[in-house]
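Student: Let me begin by handing over the structure; questions about it come next.
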Amino acid sequence: MMAPKGERYVAPPLGSTWTQTYRNTGSYGSGTPTATIQVTERTWEGKRYLAFVGPTGTILANPVDGSWSTLLAPDGSPTVSFDPPAGYDYPLVVDKTWTRSVRQTLHKANKTLQSEVKYKVEAYEDVAVPAGTFKAFKIRQQWFLNSKLAADNTNWFAPELGVFVKQFQRRTADSNFGPGTQETEVVSQTITK
């Protein structure tokens with residue numbers, strides 16, 4: 001059997017929506033809110049981006065590779081930007097690893113952080129969420145600040161939808177935001193390719 005391979009990023013079509021639930025602790029807040037995300041387009045600083053718009057803000061992503069450039073607050077002001085954009089190194093194959101050096105700008109705090117991000121594609125597996133069962137790449141993403149682990153995240157990325165169907169994010173005491181966890185699962189979706 002041939003190993004699965006995610007050749008390239010394929011974005012969800014414009015107008016697609018999905019609803020996800022969150023289980024938050026610590027620096028992520030508390031409770032189990034639900035949010036609906038919609039895919040649109042947006043021009044930012046003269047460039048065209050995919051915009052993943054939700055109630056707490058907007059993620060601006062490169063339409064070619066899905067990498068995140070900027071996070072915007074609900075009022076449209078930047079909260080965090082990434083240079084270079086944070087994202088995956090295609091093609092995706094199980095056991096692939098890569099490292100990126102990323103400068104994060106925290107706009108409200110007027111602070112810049114230099115991070116090293118280590119990625120590993122741990123598996124290609126079925127992941128069951130309330131919206132259904134999807135084939136997904138399980139990708140671990142570790143963020144280091146000053147050589148200390150600040151965040152340890154696992155994302156299940158479903159190429160058929162072009163989105164994370166499940167995520168587990170854990171901030172450590174070395175995170176700028178403080179420790180906390182956030183689990184996210186897609187509960188419904190209208191993504192048709």
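Student: Can you give the relative contact order of region 21-124 as a percent, counting alpha carbon pairs under 8 Å and 6+ residues apart? Kindly include the intermediate steps, with their values, before the conclusion.
Tutor: Working: 200 pairs, mean separation 14.9, N = 104.
This gives 14 percent for region 21-124.
Student: Still on this structure, I have one more. On each of the three principal axes of the Cα atoms of region 100-142, give max minus min coordinate, whole Å, ordered largest first.
Tutor: 42, 22, 9
Student: What is the mean projected area of the alpha carbon convex hull for region 28-110, to one decimal in square nanometres?
Tutor: The orientation-averaged projected area of the Cα hull of region 28-110 comes to 7.3 nm².
Student: Would you work out the relative contact order for the chain, in percent, from Cα pairs under 8 angstrom that are 6 or more residues apart? Provide the component values of the computation, followed by the final result.
Tutor: Working: 514 pairs, mean separation 41.1, N = 193.
It comes to 21 percent, rounded to a whole number.
Student: To continue, here is another question. When ranked by the protection proxy of mean other Cβ atoms within 10 Å per residue, highest first, what sequence do the peptides 97-103, 127-133, 162-168 form? All intermediate terms of the calculation are to be shown ahead of the outcome.
Tutor: Numbers: 97-103: 13.1, 127-133: 15.3, 162-168: 20.7.
Answer by packing, highest mean first, reads 162-168, 127-133, 97-103.
Student: Compute and list, largest first, the equivalent-ellipsoid semi-axes of the chain from the alpha carbon gyration tensor, each √(5λ) rounded to a whole angstrom.
Tutor: Working: eigenvalues 109, 82, 67 Å².
In descending order, the three semi-axes are 23, 20, 18 Å.
Student: Using 1/(1 + (r/R0)^6) with R0 = 41 angstrom and r between the beta carbons of D65 and S30, what's the FRET efficiency to the nearest 0.05? Let's see the in-between values first.
Tutor: Details: r = 34 Å, r/R0 = 0.83.
My answer for the efficiency is 0.75.
Student: So how do 169-178, 62-71, 28-37 stack up, highest first, on mean other-Cβ count within 10 Å? Intermediate results must be reported in sequence, preceding the final value.
Tutor: On the way: 169-178: 16.2, 62-71: 18.0, 28-37: 13.1.
Descending packing order for the listed peptides: 62-71, 169-178, 28-37.
Student: Just name one of A136, S115, G29: the one whose Cα is farthest towards the positive end of the charge dipole of the chain (beta-carbon charges, Lys/Arg +1, Asp/Glu -1).
Tutor: Result: S115.
Student: Additional query: Per 0.36 nm of contour for each residue apart, how much would the distance between R48 and K148 grow if the chain were fully extended, relative to their Cα-Cα spacing?
Tutor: 32.6 nm
Student: When only Cα pairs under 8 Å and 6 or more residues apart are kept, what is the percent relative contact order across region 44-103? Show your work: numbers first, answer last.
Tutor: Numbers: 91 pairs, mean separation 13.2, N = 60.
Taking the mean separation of contacting Cα pairs over the length of region 44-103, I get 22 percent.
Throughout, read-outs are computed from the coordinates displayed, never taken from laboratory work. No experiment lies behind these values; they were computed from the predicted model shown. So basically every Cβ, Gly included, is an ideal-geometry build from the backbone, and we count neighbours across all protein chains shown.
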